[in-house]
Each structure stands twice: as structure tokens, then as C-alpha cells.
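Contents: one structure, followed by commentary.
Nothing in this text is a laboratory measurement; each read-out follows from the coordinates by a stated rule. Bear in mind the structure is a predicted one, so any value in this text is a computation, not a measurement. Please note: Cβ atoms are built from the backbone with ideal geometry, for glycine as well, and neighbour counts cover all protein chains shown.
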Amino acid sequence: MNDAAFEAILRIATPLLLAALGELVLERAGVINIGIEGVMLSGAFFGFLASWQSGSPLIGAAAGMLAGAALMAVFGVIVLKFAADQIVAGMALNFLALGITGTANLALTQSAGRVQSAVFAPLNDAWRHAPVLGPLLFGQTALTLTALLLVPLIWFYLEKSERGLELRAVGENPAAAEASGVYVLLCRWKACIAAGVLGGLGGAFLTISQTASYADNCTHGRGFVALAAVVLGRYSAWGCAAACVFFGASFYARDAFPGTRVPTDLVELLPYVLTLVALCIKFRSNGAPAALGKPYLR
Amino acid sequence: MNSEHRAPDSTTEPFGEYLWPAAMLLGTLLLLALVVRLCGQNPASALSALWNGAFGSIGALATTAARASVLVLYALGVLISFRAGVLNIGAEGQSRVGAALACTVAFSALQPAFAKVPWLGIPLLLLCGAFAGATWSLIAGILRWWRGVPEVIATLMLNLIGLSFVRWLVSSPDLLRDVSSFPRSPLLADALQLPGWGITEFHSGVFLSLPVLIVVQLWLFKMPGGFFLRATGLNPPAARANGIPVVRVQLLAFAWSGALAGFAGALALLARGRLDQDPTYPDFGYMAIAVALVAGLRPLAVLPAAILFAALDAGAKAMQATAGVSYWIVYLVQGVVILAVLVRGVAVFRARSGKVSAAAEAAA
């Protein structure tokens, strides 16, 4: 393995990691969102749109986060206000995002021809070939750095901080948490918005850090891989990071050696098979919060 | 019909049962017009393009009917599993695996037998499809029962696995690939293809959905098995307390819903004549969830709902071609419709989350 491979693996893992960390926080608060794919897609599209129009990838990133948060606000209304089934609502979110981005893409960008958005530059191109830190840091963009920094931060927040304890209590036993003075719905609302911001940023990474262009449904199942990473990472921040890097490496292997020994389609189904296996293994428990997926009714 | 009206999940408000579909239809039309307007196009011409694409000619009608028949089969599967309180959203993968097994058998050592006995092939392949779909679905069912794996995640993952797996099958020359072309299977033998009708998607198996629909309706509302299924979905603890084998009912629901999806997949294969890299009707497995929910999980209502969504699907493709509004608008409508149904509330989902209504308890 050379430096270029490390650089590519980390780059492929970044959007997965951002989305997975958001989904992790949300799931630890007891809400599951299979619409993370849609959140990423809307982040990718609106991030691209804003970056193209403004010429600034920073504004693009902000727009991506905003779009993700907006979509998750809709999700929040449905599953928190109306206490509807989270899985079905998440699926509807995917449709909604596909529909909005698809129709808007044809209406807004098709007439402009093939457009390119502004993109994030690597942190320091001159030091890109430095040993270890080159591919891991300098060759990456600010978004990858953000994702990497978020891993310890979210780990600390979830496992060591008082707020994180409250959030976990909301995920494990919302009634008891409410009795001890935690606002369950408020906490879940915050988690929803955080998941939207991170998922949107993860999606935006695809367009304003990787390709500079947008294609319909360009997230191509990455949201489901992020969902898989949370389960495979046993609902911990470090576990998520490890799972995302692993998936990044397997996708890199698929793209780097096309048509040789690794059949593309079989690599593509690897994350999903592993997720099923991870869900089946019960080492004490699989780490999922006890109240995951159950609406909270006061 | 009567027992259907007395179903515990019917609305309690007067006229609600008739107002609701009308409101959904009107809302959908308004939404379409609004989105078309936002895209800078003329709603009237776009909507008329949509209408023409769906119902405007005999050919359009035939295509809409063919798609509706797929949706009916998928949606009945969704309905059976949802009614049992298990959310099998895996029609997409189950139909693919069904088509793949049917295709494998079609090119297996049985080939001479198919040539000799012409009536044997098509029913056998359809059965193979149903069997494979049921097996694929039962994986999720068994994982749920044995390991407590949430069936929605399992079926979602099995969808993605099934799609990639079949893509691998048809792109590997040693397996199902037609080596002389891009990745897809060779054409099935003539005796194994359902006769089509010109360039439309219509085929002789389209109306097979109707008897299936009637059987599901009668079984669900007139047979003990259907009663057990509904009771299980509305209140599992109460069903168990009354001696209903809840686990067996739910596993059977997985099997039957998967069988319907696999059957539909095999049917599409026989109509198309070969197995392609991607499903003939991509994402219809998910669209069927919207169909089943809009139909209020009632078999008879599935038919109009499926026709509507099939029309939307066929019409939107025409609308993209002529009026410059993207086909993706179909997904937008699907999303909004499902969210609207969720906000209104679905009895089975209430039971799943521990909110069991008094009506449901009385029914079980």
C-alpha cells in the first residue's frame, strides 16, 4: 500500500464517516433514521448548488448542512411531533430527497450545461508527499480534517460528558430520563438536527470536495453504508470510524482493480452482509440503545 | 366489503373513509402543479402530458396496466407483512432473487424438458420465483425471531445484497451472462416467454394480479388465517394471550409477502425475456409501500392505488420527455404521500410502538 492508496481510502471514508457520526448521535438518542441517504443526497445537491452559484466551497458546505438540517426537521416533525413510525418516515425522507434534488437539478442546472462548482483545496499541497501526515492530513481537505476531529469529540461527548449521558439515557429509557428532568423530545430534536447537519456535510463532501459536479442520485447508497457503519461499529464513535475506514478500503480496492480478482458487485454487497452479521452477533448485546426506534409519548 | 368497513383501523370520523382518498388525490394534483410551476413550466400542459402518457392512448393504457399489475403484487406482499406487524420492505430484493432463480432454472438441465412439455415451463418458473422470494424474505424473518434483528434493516440490507448479487450473476460469463453482449442473460427459450403486445410492456400475465388480489382479500377477511394475521398485527400480546401462534403467523407473513414479490419478479422476467443488470421496474418495491399505505392496507383498495401510481410513473416519463419536468417528481409525490399517511396514523404502526388503541384491543 502506498501513500496514494491511504489518501484515497481516507477520502472515500470521509462522507461515510460524517454521516455515520450524525446517525450515531441520533441512534444513541433512540431515533433511527434510514433516510440518512436522502439527507446526504440533499446535502450533496444544495452544497453543489450554493458552491456553484457563490464560487465559495465554504458557502456550499454551509448550504449542504442547512439542507440536511431542513430535511431532518421534517423528519423530526413526523417522528417526534406525530410520533410516527421512524422506519417508514425515513424511507419517505429518501423519496423526498430524490424527488426534490432530481426535479430541482433538471430545472436549475440542466439548462446551464455541464457546470462545475468551486471545490475545497487540499490543506497543503506542498506537503502532500510528506511521510504519514502527507496522505493522512495535508493531502486531504478541511472536511476530512473535520470528520477526523469529530471522532474523539463525539466519543467524548457521548461517553464522558454529562450531556452525552443524558442523551444516552434518552435512548435507553426515555421515561426514566424524563422523570429525572431531561426533556426527551428536546434532546431528540437536537440529535435530529445534528444528524442532518453532519449528514448534509457528508453529502456535500461528495460534490464540493471530490467531484465538483452533481449527478442525480449521486450518493449511490452511501447513506445505507453509513447506517451499516453505525451497526458494525457497535454504536461507538471509534467503532464507526473503524468501520468507515474499512468500507473506504474495500471500495478503494474495488475501484483500483476493476475487473480483476475482486468482482465489483460482490464488494458492493460486503457492507450489507457484514451489517447483517454484526446485527446477529450478540456479545452481551449488539450495543443498540434499548429504546431505539420507539416513539416517545408523554 | 362489510367486514372491511368495520376493520378497526378505519377512520371514525363521518365520511372520512371517502373524503380521505379524494383529499389525497386532490393534494397530489396540487403538489404536482406546484412543483411544475416552481420548475418554471406550465402546469396545465405538464399535467396533460402526464395524463396522455398514462391514459392517452391504447399503448399508454397497456403500459400503465402492466406496471399496475407489478405494483399490485408487490403491494399485496407489503400489505400482508404490515398487517402482521412486521415491516417487510424487501420486495425489491426478493423480486430480483426470484427472477434470478427462475432464470437459472430456465437455463438449467431442465431445458430439454421445457422444450418437450410446453405447459410445464412458465408455471414452474413462476413457482421458482415465488420460492426464492419467500426464502429471501424468510432470512429477515428468521433473523428477527432468532436474533431480534430489526426486520426493516434486514430487508433493506437484503435488497441491496440481492441487487448486487444478481448484477454479479449476469455479469459473470461462467454464470448467467450472455457472453456475446453487455452484462445481461441470454434470451429465454420461446416457450418460456410470455407473449407480449407490440412495443408496449403489456403481456399475457398482466391480469394474473387480479385473482391474487381477490384471494388475498378473501383470505384476510373471511378465513381464520387472515383473522390471526390481523389480530397479530394489531396487538401481538393480546393475540398471543388468545392462543394465536404469533411467531408462526409472522414468519408465514414474511414467506407469503416474499413469495408475492418473487412471483412478480419471475413474471417480469418471463415478460421481458431476459434478466437484465437492473430490475425491469426499478424502485417499484419501494413504491409499493406507498401504494399499500395509501390503500389503507386493504387489498381491494390496492387496485386503484396501484393504477394511480403506475399512471404517475408512466405519465411522469412522458412529462419529462415533452414538458421538461423531471421524472424524479414521482419520488417527491411518493415521499409526501407516505408522510401524509404517517401523520394521519396507521393502526398497525401504533401497535408496533406499544400504542394499542382500545378498538384494536377489542378486535383482538
Practice prompt. Measure up A:Lys190/A:Lys294; A:Lys160/A:Lys294; A:Lys294/B:Lys222 against 22 Å on the Cα-Cα distance and list the ones that go over.
Written response: A:Lys160/A:Lys294; A:Lys294/B:Lys222
Discussion item. Based only on other Cβ atoms within 10 Å, what is the fewest-to-most ordering of A:Ile59, B:Ile58, A:Ile87?
Written reply: B:Ile58, A:Ile59, A:Ile87
Worksheet item: Residues of B:160-169, mean number of Cβ from any other protein chain within 10 Å of their own Cβ, rounded to a whole number?
Response: 6
Worksheet entry | Least to most buried among A:Lys81, A:Lys294 (fewest other Cβ within 10 Å first) | A:Lys81, A:Lys294
Worksheet item: Treating the beta-carbon of each Lys and Arg as +1 and of each Asp and Glu as -1, no other charges, what is the dipole magnitude of chain B about its Cα centre, to the nearest 20 debye?
Response: 580
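Give the value in nm², to one decimal: projected area of the alpha carbon convex hull of the stretch A:99-218, averaged over all directions. Could you put the intermediate results ahead of the total?
Working: hull surface 42.6 nm².
Quarter of the Cα hull surface area: 10.6 nm².
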Item to complete: Work out how far the C-alpha atoms of the stretch B:269-309 reach from end to end along every principal axis, then list the three figures in whole Å, largest first.
Response: 34, 17, 14
Worksheet item: Using Cα-only point scatterers and the Debye equation, what is log10 of I(q)/I(0) for the stretch A:149-298 at each q in 0.10, 0.13 Å⁻¹, rounded to two decimals?
Response: -0.45, -0.73
Item to complete: Return an integer: the convex hull volume of the alpha-carbon atoms of chain B, in Å³ per residue.
Response: 148
Item to complete: Order the peptides A:118-127, B:327-336, B:162-171, B:256-265 from the highest to the lowest mean number of other Cβ atoms within 10 Å of their residues.
Response: B:256-265, B:327-336, B:162-171, A:118-127
Discussion item. Please list the three semi-axes, largest first and in whole Å, of the ellipsoid equivalent to chain A, using sqrt of 5 times the eigenvalues of its alpha carbon gyration tensor.
Written reply: 30, 23, 18
Response to the item:
For the protein assembly as shown, shape from the Cα gyration tensor axes a ≥ b ≥ c, cut at a/c of 1.5 then a/b versus b/c, turns out rounded
Discussion item. Counting other C-beta atoms within 10 Å, and keeping those with at most 12, which DSSP coil trypsin sites (Lys or Arg not before Pro) do you find in the stretch A:151-238?
Written reply: A:Lys160
Worksheet item: Rounded, prolate or oblate: which one fits the stretch B:71-191, using the alpha carbon gyration tensor with axes a ≥ b ≥ c (rounded when a/c is under 1.5, else prolate when a/b beats b/c, else oblate)?
Response: prolate
Discussion item. Just to verify a number: FRET efficiency for A:Ala253 and A:Glu159, C-beta to C-beta distance, R0 = 30 Å, to 0.05?
Written reply: 0.40
Practice prompt. Any chance you could check the Cα centroid distance between the stretch B:56-84 and the stretch B:129-143 for me, in angstrom?
Written response: 21
Worksheet, complete the sentence: Candidate span helices, chain A: DSSP H, at least 27 Å along axis from Cα coords, Kyte-Doolittle average at least -1.0, result A:3-28, A:57-76, A:86-108, A:184-205, A:237-256
Response to the item:
Taking a ≥ b ≥ c as the square roots of the eigenvalues of the Cα gyration tensor, with a/c under 1.5 meaning rounded and otherwise prolate when a/b exceeds b/c and oblate if not, the stretch B:266-349 is oblate
Worksheet item: So how long is each side of the stretch B:177-233 along the principal axes, counting just the alpha-carbon atoms, biggest first, in Å?
Response: 53, 25, 19
Discussion item. Give me the mean projected area, in nm² to one decimal, of the convex hull enclosing the Cα positions of the stretch B:186-279.
Written reply: 8.1
